[in-house]
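For reference, the structure discussed in these notes is given below.
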Amino acid sequence: MSAHKDLNKLTAAGVLISLGIIYGDIGTSPLYVFKAIIGNRIITKELIYGGLSCVFWTLTLQTTLKYVIITLKADNKGEGGIFSLYSLVKRKAKWLVIPAIIGGCALLADGIITPPITVSSAIEGLEILYPGLQTIPIVIGIITGLFIIQQFGTSLVGKAFGPIMFIWFSMMGVLGLSYLIKSPDIIEAINPYYAYNLLANYPAALAILGAVFLCTTGAEALYSDLGHCGRSNIRISWIYVKSCLVLNYLGQGVYLMSLQNELLDNRNPFYRMMPDWFLIFGIATATVAAVIASQALISGSFTLISEAVRLNIWPKVKINYPTDQKGQLYVPSMNWLLWLGCIVVVLYFKRSEHMEAAYGLSITIAMLMTTILLSTYLSKKKYPIYLIVLFLAVYISIEGVFFIGNLAKFFHGGWFTVLLGGILFSVMWAWYSARKIKNKFLKFVEIEQYYDIIKELSEDESVPKYASQLVYLTSANFPSEIESKIIYSILQKKPKRADVYWLVHVDVVDEPYRCEYKVEHLVEGKLIRIDFKLGFRIEQKISTLFRKVVEDLVKNNEVDITSHYKSLNKHKIVGDFRFVVLEKTLSRANNLSFWDKLIMGYYFNLKKVSLSEEKGFGLDLSFVTLEKVPLMVTQTEKIDITRIN
């Protein structure tokens, strides 16, 4: 944790790391924003000045004010992101899980669109030097290579990201400045009147607004990566990033003014600004920046999934930790799902200008969900009600207009991200709802009434010993309670004699990196309960954590785990441990409603392709017994039957 605190200090290294980690997406926007704003329209001063004004005020109100100044205050012990924000406010209202899930799904859908559009936009610059070049195989090759290296960890490559992105932003700033010097009057375009004039009077203004929104698509990453960089480093680095972005957009505006009354005709103003001798270096730098932007989205998706798993809103999946670097993780299933999605996008849309239609809609939804959760957070922090209402009114209006503007793209490709987000939402909602349904049928009993019988069973030599140390995972929040299914498993479903019975409970807490435990001796030397308090970013290696706790208890002489078998006891051999995992199944005879049956059916199908409970909790499979128990026991039907003599 000390290293974690140091990370949040303002340092030159921290600012440089921020440049490399956070700004890939928003930093590569100049590659396609103005190309999307102009589209197939005739280039006019009204369009250029209006577009520039919209871009400047979007970066100011949306990225700077909402995210850099306001949202970064909502840190969860130094961590950010939509699920961290949800963890801070979930106790305020149960329905807040809905915006959290929708926002998470929208960000995951964005992770599938960002790599294709950024890499395609960069590589298509080669067409200026090599007309007729087939860019699709190059784009697929770069994206595939990027996903292959994920399994090895990106810490070594990541160290170079900061300096490379510094070169990228500096290059954009210098390019823009070189044009701005030629025509400084373009600065007049910052006047908000031009934005108003464009949106009020220009035909198809909403479609233009959908293109303008692309300039702020990476704003969520500023908040998601709060834990990696720290608030101060993000705020200081954003000053430089925004300056370079605005300079580049103004430079593109100057270049476009020279093309008034013409069509853009697929020319990318970002590359056309460059001198011929510089073009190949510019394309190479843009490609590397696009790869870094893609890497940031992929890493962000892995973090989102790992948090969702621990918050019980995503099926348990295998999570690897390829390096010792904090926050560095790899989710194989998500990696290849993202790769497949990216390849489908490239093959279906083919060119970056077609992908622009699919891009933006999902991020608008994510931003709206963040606004809802953030307003709840401000309320929790006792901010004046008028400020909260003002915040909601301003940002629901801004993002609502952007959402309507992006809806115009729905039939041109926006449907793709909505479909993708919808599928992801169905998975998260089914997993979350199934847990609620299961909890409805979970029956608890007072454990105290079973103390004597458990002690007697432990000492009853007429019952074959099942294990020296028998461990059950329990979901009972209170030490006084136990699931009736566990009692049934110990006493009736083949009585299980053991020297010591252990109950292990895992409580996922709101603090991201909390790792604590509490021990209660319910029956001295016979029945022990361990409660783990684990943060939603802590890996749940229960087998390892349990072993460490037992070692501490043995060291403190609180428990004796030496085998009770005479031949082993005299040699002080440690007894065997066995975990029993109870897996709930849905019997055909159940009285669930049609909707609940549908959810549970979906849930059990998801379970087939997800990690099992024992693997999900990191248990040593050679010491695990799996017992299937019915989710619910229905009352016996009244049957009329006659005996014949």
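The values are calculated or read from the model by the stated rules, or taken from the named source; none is laboratory data. It should be emphasised that the depicted structure is a prediction, and the values quoted were computed from it without experimental measurement. Using ideal geometry, Cβ is built from the backbone for each residue, glycine included, and neighbour counts are taken over all protein chains shown. Note: areas computed on protein heavy atoms with side chains; ligands, DNA, RNA excluded. Shrake-Rupley method; radii C 1.70, N 1.55, O 1.52, S 1.80 Å.
Remarks
- Only one entry in Gly51, Gly14, Gly80, Gly27 is small (Gly, Ala, Ser), touching a Gly at 6+ places or on another chain (Cβ under 9 Å) and within 13 Å of Tyr223 (Cα to Cα), namely Gly80.
- Checking each residue in the stretch 87-141 for being in a loop (DSSP other than H, G, I, E, B), out of contact with any Phe, Trp or Tyr (no Cβ under 7 Å at 6 or more places or on another chain) and surrounded by 15 or more Cβ atoms within 10 Å (Cβ to Cβ) picks out Lys90, Glu124, Thr135.
- For the stretch 391-443, the set of residues classified as open to solvent by 30 Å² or more (accessible area, probe 1.4 Å) and part of a loop (DSSP other than H, G, I, E, B) consists of Ala408, Phe441, Leu442, Lys443, listed by residue number.
- Selection within the stretch 273-301 - touching a residue at least 60 places away in the same chain (Cβ under 8 Å) and either of a type in the set (D, E, K, R) or within 30 Å of Arg435 (Cβ to Cβ) (or both): Leu297, Ile298, Ser299, Gly300, Ser301
- Yes/no for Ala308 being buried (at least 20 other Cβ atoms within 10 Å of the Cβ), free of Cβ contacts under 8 Å to residues at least 60 places away in the same chain and among the hydrophobic types (A, V, I, L, M, F, W, C): no
- Subset of the stretch 444-460 [in a strand (DSSP E or B) and open to solvent by 90 Å² or more (accessible area, probe 1.4 Å)]: Glu446
- Within the set Ala205, Ala219, the sole residue that is open to solvent by less than 50 Å² (accessible area, probe 1.4 Å), of a type in the set (Gly, Ala, Ser), in contact with a helix residue (DSSP H, G or I) (Cβ under 7 Å, 6 or more places away or on another chain) and closer than 21 Å to Val288 by Cα turns out to be Ala219.
- Top-ranked residue in the stretch 620-645 [being in a loop (DSSP other than H, G, I, E, B) and modelled with pLDDT of 70 or more; ranked as most open to solvent (accessible area, probe 1.4 Å)]: Arg643
- Leu374 vs. criteria open to solvent by less than 20 Å² (accessible area, probe 1.4 Å) and under 20 Å from the mean Cα position of the chain (by Cα): yes
- Pairs linking a residue in the stretch 472-490 that is more than 18 Å from Asp452 (Cβ to Cβ) to a residue that is in a helix (DSSP H, G or I), with Cβ atoms under 6 Å and 6 or more positions apart or on different chains, are Tyr472/Ile486.
- Sub-9 Å Cβ pairs linking a first residue in the stretch 391-412 that is more than 14 Å from Ser375 (Cα to Cα) to a second residue that is surrounded by fewer than 18 Cβ atoms within 10 Å (Cβ to Cβ) and at pLDDT 90 or above, at least 6 apart or interchain, are Ile398/Leu61, ordered by first then second residue.
- With respect to the conditions (1) assigned to a helix (DSSP H, G or I); (2) on the phi > 0 side of the Ramachandran plot, Asn266 lacks only one, and its number is (1).
- Of all residues in the stretch 335-362 being of a type in the set (Phe, Trp, Tyr) and in a helix (DSSP H, G or I), the one that is least open to solvent (accessible area, probe 1.4 Å): Phe349
- Checking each residue in the stretch 554-572 for being among the basic types (Lys, Arg) and on the phi > 0 side of the Ramachandran plot picks out only Lys572.
- Subset of the stretch 230-240 (residues that are in contact (Cβ under 8 Å) with a residue 24 or more places away in the chain and surrounded by fewer than 23 Cβ atoms within 10 Å (Cβ to Cβ)): Arg231, Ser232, Arg235, Ile236, Tyr240
- Checking Leu19, Leu61, Leu47, Leu52 one by one, the residue that is modelled with pLDDT under 90, in a helix (DSSP H, G or I) and not aromatic (Phe, Trp, Tyr) is Leu19 and no other.
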